[in-house]
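Down below is the structure, laid out as structure tokens.
The values are calculated or read from the model by the stated rules, or taken from the named source; none is laboratory data. On a predicted model such as this, the values are computed, not experimentally measured, just so you know. Note that we place each Cβ from the backbone using ideal geometry, even for glycine, and neighbour counts take in every protein chain shown. Ligands, DNA and RNA are excluded from the accessible area calculation, which covers all protein heavy atoms including side chains. Shrake-Rupley method; radii C 1.70, N 1.55, O 1.52, S 1.80 Å.
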Amino acid sequence: MSNPGDRGVVWLGSPSFPDAARSALGDTQLRANLKRATATIRDKRLAVASEVDDWEALRESAAAVKKRTARHLGGYLVQLEEAVSAAGGTVHWAADAAEANRIVTELVRLTGESEVVKVKSMVTQEIGLNEHLAEAGITAYETDLAELIVQLGDDRPSHILVPAIHRNRTEIRDLFASEMGHWGRPAPEGLTDDPAELAEAARLHLRQKFLTARVAVSGANFAVADTGTVVVVESEGNGRMCLTLPETLITVMGIEKVVPTWSDLEIFLQLLPRSSTGERMNPYTSTWTGTTDGDGPTQFHLVLLDNGRTDTLADTVGRQALACIRCSACLNVCPVFERTGGHAYGSVYPGPIGAVLTPQLVGVENAATLPFASTLCGACYDVCPVKIDIPELLVHLRSEAVESKRRAARLPTAEAVAMKAAATLLDSPRLLAAAQKAAALGGRALARRGRIGRLPGPLHGWSGTRDTPAPPAETFRTWWRKNREGDR
């Protein structure tokens, strides 16, 4: 088991969710950006999902595949390693963020290069790879448009699918104009906030990197165990450039991304684009198996990352979160995310899925406020393409957070004390009878003072929002002794 401190995932120094959310709610521009973007994506998803007659059957199938894979994950990972190795690739196993960073850094150093291009990868953000490479004198260039915006702004992603969702066009134009030149080709003079102009500025800036880079780092959406094929889906073509032009390709993948067969992959390639971008299919779906002479990279390395995933797998309730395919549908329907944005979660994984995944990857004691970042409205479960019951997980982890706090304080919680007292009381007929008599006397006393609706002391928090009925003057036990005990 790895040290949670080595796992990354949570941004160090981030405030708790309640504090961060309170600050985000005061940013009217942020809220406007989020509302516009999430509403657009949400409407597109609803339209294309409704076109599929067997949409619910696809969801059921995807959930079943993920459950079966989780039960036999070790076997599928070994099968994947064997297939990748047979196809000319090299597989590396990383227990935590520190080990994964060390492996990738050493692989880049072996090439003699000091620059890498990257395909958008949440798992490399999870382990803080860019920062680790920078400490080793290696510069990583993000090539996804939204990730480029985040990198130029020395910012953090705020959405799984659209990392720069918190930025509007004017902010992006200003960022390109002031920062692009520090990273390579500067933005054109007189750049406006027209989307086409912004995209062209990014294309010209990145093309230089694509044509000179000899090493690329990618994530993976899926990996097929029986063939060793790795899959990346994206919308801009930057992934295709990174996956084919460099001489060395290093892919970092969470171990939960494996699927058993190509037939299983077919299910997810129908669900993912509709749930994420509201498209019928991804513009670019890249698949590769090991290396091929004269075609693509000559060296392929696959880094399989645990980083808290096997600990999560051990929780029979919590393991549901590992089924996530990172579509972001749950973020786009969440009323909490729409008002606070992703930065408030203090994690690489924001929104409802982040609220249940992050505490498990780093330990609930290190992200104790996240399971409470929800209204439990259930909208996230309704849209999840793999049917993760996020509300159930939130309640489960809230209990874990309370228990973790109790263990840390080495004191029983008020609830635990109350439950133990109730158990003692209900286990003793004599004590129960005395308590019932005392409750009846106390209730009559409060009623005479006109306070039965409002309980005294710390109990007023309960009675402040609900009526408190007066205890009956006679308990059932007393009534039974008077009226029926002689009938036996």
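Binning all Cα-Cα separations of the chain at 10 Å, short to long from zero, yields these whole-percent fractions: 4, 17, 26, 23, 12, 7, 6, 4, 1, 0, 0.
Proximity of backbone amide H atoms, modeled 1.01 Å from N, is registered between Val258 and Ala223 at under 5 Å, excluding neighbours fewer than 5 places apart on the same chain.
The string of couplings for the range 245-253 from the Karplus curve (6.51, -1.76, 1.60, θ = phi - 60°) is 7, x, 7, 10, 10, 10, 10, 10, 9 Hz, one whole number per residue in order, with x for Gly and Pro. Adding -39500 (n - 2.57) for every DSSP H run of four residues or longer, then dividing by how many residues the chain holds, sets the calculated 222 nm ellipticity at -15500 deg cm²/dmol. At the listed q of 0.13, 0.18, 0.19 Å⁻¹, the Debye profile of the range 160-259, built from one uniform point per Cα, gives log10 I(q)/I(0) equal to -0.60, -0.97, -1.03. Annotation for the range 183-256 versus the range 39-68: alpha-carbon center distance of 27 Å.
Sorting the segments 419-429, 379-389, 347-357 by their residues' average number of neighbouring beta-carbon atoms within 10 angstrom, most packed first, yields 347-357, 379-389, 419-429.
Share of the chain's accessible area from carbon and sulfur, percent, 1.4 Å? With neighbouring chains kept in place, the figure for the chain is 54 percent. Note on the chain: Lys pairs 8 or more places apart or on different chains, Cα atoms under 23 Å apart, count 15.
Our Cα-only numbers for the range 333-424 put the radius of gyration and Dmax at 14.9, 47 Å.
State in Å² the accessible area per residue of the chain; use a 1.4 Å probe, count heavy atoms of protein chains only, and round to the nearest integer.
47 Å²
Just need log10 I(q)/I(0) for the range 325-367 at q = 0.15, 0.20, 0.22, 0.32 Å⁻¹, Debye formula, equal scatterers on the alpha-carbon atoms, no solvent, rounded to two decimals. Values, matching the q order: -0.33, -0.57, -0.68, -1.15.
Amide H contacts under 5 Å for His92: Leu302, Val303, Leu304, restricted to partners 5 or more places along the chain or on a different chain, H placed in the peptide plane at 1.01 Å from N. When cysteine pairs in the chain are screened for C-beta atoms closer than 4.7 angstrom, the residues that find no partner are Cys242, Cys324, Cys327, Cys334, Cys377, Cys384.
Here the mean projected area of the convex hull built on the C-alpha positions of the range 93-157 is 4.3 nm².
In this entry, the range 56-132 is assigned a mean projected area of 7.2 nm², taken as a quarter of its C-alpha convex hull surface. For the listed peptides 56-65, 152-161, a ranking on the average number of other beta carbons within 10 Å per residue, highest first, reads 152-161, 56-65.
Given the range 169-260, what percent of its DSSP beta bridges are antiparallel, to the nearest 5? List each step's numbers first, then the result.
On the way: 3 of 9 bridges.
Antiparallel bridges: around 35 percent, rounded to the nearest 5.
The radius of gyration of the Cα set in the range 237-281, together with its Dmax, comes out at 13.4, 34 angstrom. When the Cα atoms of the range 1-150 are aligned to their principal axes, the ranges along those axes come out at 46, 41, 31 Å in descending order.
Packing here is the average count of other Cβ atoms within 10 Å per residue, and on that basis the peptides 400-406, 336-342, highest first, run 336-342, 400-406.
Rg then Dmax, both in Å and based on the Cα atoms of the range 276-393: 17.0, 54. Principal semi-axes of the equivalent ellipsoid, √(5λ) from the alpha carbon gyration tensor of the range 225-302, are 22, 16, 10 Å from largest down. DSSP finds beta bridges in the chain, and of those with both partners inside it, around 30 percent are antiparallel. Apply the a/c threshold of 1.5 to the C-alpha gyration tensor of the range 21-77 and tell me whether it is rounded, prolate or oblate. Because a/c hits 1.5 or more and a/b fails to exceed b/c, the range 21-77 counts as oblate. Axis of helix 73-86 versus longest Cα principal axis of the chain: the two differ by about 0°, to the nearest ten degrees.
For the range 186-339, the fraction of C-alpha pairs farther apart than 26 angstrom is 40 percent.
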